[in-house]
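A quick write-up on the structure given underneath.
The values are calculated or read from the model by the stated rules, or taken from the named source; none is laboratory data. What you are looking at is a predicted structure, and each value in this text was computed from that prediction instead of being measured. In this analysis, Cβ positions are derived from the backbone assuming ideal geometry, glycine residues included, and neighbour counts consider all displayed protein chains.
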Amino acid sequence: MNNYRSLKPKRYAAWAGAFLTVFAAGVLVVHAQAPTPPYALFQYASLTGTGNTITATQIPVVTTTGVTVYENLTIQFNVDANGNLTISTGYPQAIPSPTLLTSGFKPGTYVGPSGVLAGKALIVVSGPGVTDGGATEWSLSAAAGADPCTYPLSANWYVGSIANNPYASRIQAAKITSTAFSYGVGNATNCNATSFDWFNNVLVGVSQVGNTITISSFSNNNSSDFATPQAQITYTLQQ
């Protein structure tokens with residue numbers, strides 16, 4: 001029999017009561033529009049469950065002053081002889097999350113060199129997004145008014161150790177060991193000579209110095225990956 005269909009009203013009520021207790025403790029779930037601070041953004045947290053315990057990591061919490069901090073929350077449940085759930089004494093427990101690894105990346109609109117695509121190589125850098133272990137994910141996309149040949153047109157990269165990168169096997173196969181970059185993949189339309197080593201699923205390394213961000217391609221037009229950059233472009237943050 002389907003377990004969900006066999007839930008008794010009493011058991012369902014116990015679940016509902018348990019979660020209402022959590023919310024009464026000050027945990028807010030945000031829906032379509034963010035309320036006035038303070039509030040939490042559970043939709044951006046990582047949720048895991050083990051046994052009688054639910055853990056939410058890297059929950060963005062916006063304080064009264066508008067500052068965003070990150071919390072880890074653990075909720076442990078008791079189960080009685082009839083299978084009813086109640087929150088264990090001393091729970092929920094909240095502690096500060098590990099410091100996010102950002103490597104100094106700055107969100108915003110960036111412009112490429114004036115001699116590239118008549119100065120219309122424009123990208124928007126966004127982030128950070130939270131991933132496992134306090135690592136962060138960053139992304140870029142072509143900005144409004146950008147030349148369609150802008151490269152890369154889009155990209156995602158990850159700040160953290162190469163071993164924990166989603167593209168670790170590809171990075172290691174290329175024998176890349178440099179920690180000067182944060183690695184990921186990008187996409188572009190190969191439509192002119194200057195973007196010869198930029199195409200879809202290109203392996204990229206990204207670094208930031210001050211207000212400039214450099215994106216390096218570790219791939220060539222044969223879709224092969226290399227241990228050193230095959231091409232690169234530097235963008236400057238618009239003020």
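A few remarks follow.
- Test: residue in the stretch 211-220 that is within 18 Å of ASN156 (Cβ to Cβ), surrounded by fewer than 19 Cβ atoms within 10 Å (Cβ to Cβ) and assigned by TED's automatic domain parsing to the domain that holds ASN156: yes
- Residue among ALA121, ALA173, ALA142 that is hydrophobic (A, V, I, L, M, F, W, C), out of contact with any Phe, Trp or Tyr (no Cβ under 6 Å at 6 or more places or on another chain) and within 28 Å of THR68 (Cα to Cα): ALA142
- Residue within the stretch 47-59 that is in a loop (DSSP other than H, G, I, E, B), at pLDDT 55 or above and within 13 Å of ALA94 (Cβ to Cβ) present: no
- Some residue of the stretch 101-124 being within 21 Å of PRO60 (Cβ to Cβ), at pLDDT below 95 and touching a helix residue (DSSP H, G or I) at 6+ places or on another chain (Cβ under 8 Å): yes
- Only residues that are among the acidic types (Asp, Glu) and more than 17 Å from GLN172 (Cα to Cα) were counted in the stretch 188-237, giving 1.
- Matching strands (runs of 3 or more DSSP E) fully within the stretch 134-195 where at least 3 residues are exposed (fewer than 15 other Cβ atoms within 10 Å of the Cβ) and modelled with pLDDT of 95 or more: none
- Unmet criterion (only one of (1) without any contact (Cβ under 8 Å) to a residue 12 or more places away in the chain; (2) within 15 Å of ALA231 (Cα to Cα)) for GLN172: (2)
- Listed by first and then second residue, the pairs with beta-carbon distance under 7 Å, at least 6 apart or on different chains, first residue in the stretch 103-132 and in the same structural domain as ALA146 (by TED's automatic domain parsing) and at positive phi, second among the β-branched types (Val, Ile, Thr) and in a loop (DSSP other than H, G, I, E, B), are LEU117/THR150.
- Residue in the stretch 198-205 that is out of contact with any helix residue (DSSP H, G or I) (no Cβ under 8 Å at 6 or more places or on another chain), assigned by TED's automatic domain parsing to the domain that holds ALA135 and at pLDDT below 90 present: yes
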